[in-house]
Each structure stands twice: as C-alpha cells, then as structure tokens.
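All remarks here apply to the structure that follows.
The values are calculated or read from the model by the stated rules, or taken from the named source; none is laboratory data. In this text the structure is predicted, and so the values were computed from the model without any measurement. Note that each Cβ is placed from the backbone with ideal geometry, even for glycine, and that neighbours are counted across all protein chains shown.
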Amino acid sequence: MIFVAFIALFLILWGVMYATLPVMQRGGAMLTRRLAQLSTWSPRIGRWSGYALTRWERFRAYFPIALIVIAGGTITALAGDQFIELAEMVHSKSPLLQKVDTRIHDWAVSHRTPSSTRFFVLMTNAGGPIGMAALAVIVAVALLIRRRYRWLIYLLVTAGGGALLNTELKRAFARARPDVAEMLRLANGYSFPSGHAMGSTVTLGALSYMAFRVLNTWRTRAAALALAITLIVAIAFSRVYLGVHWVSDVAAGVAAGTIWVATMTVAYETFRRISMLRGMRAAADKRG
C-alpha cells in the first residue's frame with residue numbers, strides 16, 4: 001500500500017511539472033522578447049544605434065543569468081528561512097516542536113506493518129551514505145569516461161561539500177535521537193539535521209539538474225525531477241518510520257540540502273553561461 005502511495009506521488013508530481021515547466025520556460029522567453037522590444041520603442045536607443053544596440057545585446061545575453069540567480073536566490077531564501085526557524089526551535093527546546101515531533105513519531109511507530117517496513121528499509125539503505133556515494137561514484141565514472149570534467153567537478157564538490165556541511169551542522173546542534181527502544185534500526189551520532197535527508201536531497205538534486213540538461217523532452221525532464229523528489233520524500237520519511245529521527249530532523253535535512261544544492265547549481269550554471277558568452281565573444285572578435 002505504501003509503495004502505491006509513492007507511485008501516486010510520483011505520477012502527480014510528474015503531471016504537475018510536465019504541465020508547468022514548459023509554461024515557465026515560455027514565460028521567461030516572452031519576458032525576454034518583451035524587454036528586447038524596448039530597443040525599438042526607445043528613441044534614445046534609436047539615436048545611439050551602434051553603441052546602444054551592442055549594449056542591449058549584452059543585456060539580452062546576460063538576462064537569463066540574472067533570472068537564474070534570482071530564482072536560485074529565492075529558493076535558497078525560502079529553504080534558509082525554514083531551516084533557521086527549525087534550528088531556533090531546536091536550540092530553544094520549543095515545546096511546540098517537541099509536541100509535533102513526538103506525535104508524528106508515535107503515529108509512525110503505531111502504523112508499522114511488515115510490507116511498509118521492508119519498503120522503508122530499502123529506501124533508507126538506498127538513501128544512506130553508502131547508497132548515495134555509490135550512485136555518485138557510478139555517475140562520476142561515467143562523466144570521467146565521457147570527459148565531462150566540469151560536470152564531474154560540480155558533482156563531486158556538491159556531494160562532498162554537502163556531506164561535510166551535514167557533519168558540522170550535527171556537531172553544532174548535538175541533538176539526541178529518539179528512544180533507541182523504538183528504533184527498527186540502530187543509528188549512531190547526533191540527530192539534527194538528518195544525514196539521509198540532506199544527503200539524498202543534495203545528491204539527487206545535483207543528478208536531476210544534470211538529467212534536466214541532458215534530456216531533450218519536457219516529458220522526460222519532468223519525470224526525472226518528479227522521481228528525484230519522490231525518492232527524497234521516501235528516504236526522509238523512512239528515517240521517521242524507522243524511529244531514528246524526529247520529523248523536524250528530516251525537514252531540516254531537506255531544507256539544508258536544498259540550500260546547498262541550489263547554491264552550488266546556481267554558481268555552476270552562472271559560471272557555465274558566462275564562460276560560454278565569453279567564448280562566443282572571443283570567436284566573434286577573431287572573425288571580425
């Protein structure tokens with residue numbers, strides 16, 4: 001039954017993204033075209049034809065980069081606000097947070113079934129450090145064979161940096177895990193934020209970005225993003241179900257992972273686009 005629920009979640013996310021992603025792209029393209037029309041509407045630009053046109057072409061070239069930075073900044077700010085709020089509540093030992101954590105923990109423990117346990121054990125194994133590292137290594141080897149060195153560096157820095165960040169955050173908050181007696185699997189170390197939730201968010205987020213770049217159709221792009229989100233949700237909830245994390249731990253892990261992968265992806269995409277534009281400009285100068 002739980003497997004069917006996550007299949008349904010994947011299909012819903014896939015349908016929503018397949019419907020909205022092309023619309024968002026068309027909206028961005030339309031905004032760019034509208035702004036480009038200012039070059040014909042402005043009399044000053046008309047008088048300064050040579051200089052102003054070149055200046056406007058530079059604006060059009062760099063405008064998508066500005067949109068990427070704004071979108072990434074928005075995602076980072078929203079996830080950062082969520083993480084800071086959870087961190088403050090954990091630090092102050094908020095009674096409200098403890099109440100929510102305890103209720104969801106007790107609900108998950110009371111609704112355990114053999115089939116659900118098998119499913120969530122599979123998810124927690126796949127989303128653990130060994131599972132995510134193995135997935136990253138397989139993709140890294142493929143990138144190395146295909147000589148996609150920039151993507152290789154992006155993946156290694158993003159995944160490796162996320163793991164180090166999670167270790168430091170756990171050490172900083174030093175939150176205890178739930179009662180060992182109710183754990184279906186033993187877990188060591190501190191609880192906040194969840195390493196499984198953060199690690200899977202970082203690794204699967206980075207891989208979904210690369211898949212988005214490689215895939216050619218919106219159907220497959222939407223499927224890749226929907227699959228990544230579904231797996232992240234399943235891995236995160238598996239930690240609550242197995243009794244090794246509070247729900248606030250996994251929520252903070254997803255938030256922190258989102259901050260990190262969004263920051264690294266925006267930085268990489270901005271660098272890639274600026275390098276591409278500079279290369280095109282250098283080639284044009286040589287032809288001229």
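Please determine, by comparing only the residues of region 193-219 that are in contact with a Ser or Thr (Cβ under 7 Å, 6 or more places away or on another chain) and among the hydrophobic types (A, V, I, L, M, F, W, C), which one is nearest to V141 (Cα to Cα). Among residues in region 193-219 that are in contact with a Ser or Thr (Cβ under 7 Å, 6 or more places away or on another chain) and among the hydrophobic types (A, V, I, L, M, F, W, C), the one nearest to V141 (Cα to Cα) is A206. Residues in region 228-272 that are surrounded by fewer than 22 Cβ atoms within 10 Å (Cβ to Cβ) and under 15 Å from V69 (Cα atoms): T263, T265, V266, A267, Y268, E269, T270, F271, R272. Can you find a residue in region 98-109 that is assigned to a loop (DSSP other than H, G, I, E, B), closer than 16 Å to V247 by Cβ and basic (K, R)? Looking for residues that are assigned to a loop (DSSP other than H, G, I, E, B), closer than 16 Å to V247 by Cβ and basic (K, R), one finds none in region 98-109, hence no. Of the helices (runs of 4 or more DSSP H) contained entirely in region 177-288, those carrying at least 1 residues that are of a type in the set (D, E) and at pLDDT 90 or above fall at 247-287.
Okay, residues lined up against (1) acidic (D, E); (2) touching a Leu at 6+ places or on another chain (Cβ under 6 Å); (3) under 23 Å from V23 (Cα atoms):
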| site | (1), (2), (3) |
| --- | --- |
| M183 | no, no, no |
| A187 | no, no, no |
| F192 | no, no, no |
| T203 | no, no, no |
| S208 | no, yes, yes |
| R219 | no, no, yes |
| A236 | no, no, no |
| H245 | no, no, no |
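Out of region 110-131, which residues are β-branched (V, I, T) and either touching a Phe, Trp or Tyr at 6+ places or on another chain (Cβ under 6 Å) or at pLDDT 90 or above (or both)? Break it down stepwise before answering.
Quick first cut of region 110-131, residues β-branched (V, I, T) only: 113, 117, 121, 124, 130.
Of everything in region 110-131, those that are β-branched (V, I, T) and either touching a Phe, Trp or Tyr at 6+ places or on another chain (Cβ under 6 Å) or at pLDDT 90 or above (or both) turn out to be T117, V121, T124, I130.
Being in contact (Cβ under 8 Å) with a residue 40 or more places away in the chain, within 30 Å of K93 (Cβ to Cβ) and exposed (fewer than 14 other Cβ atoms within 10 Å of the Cβ) is not true of P178.
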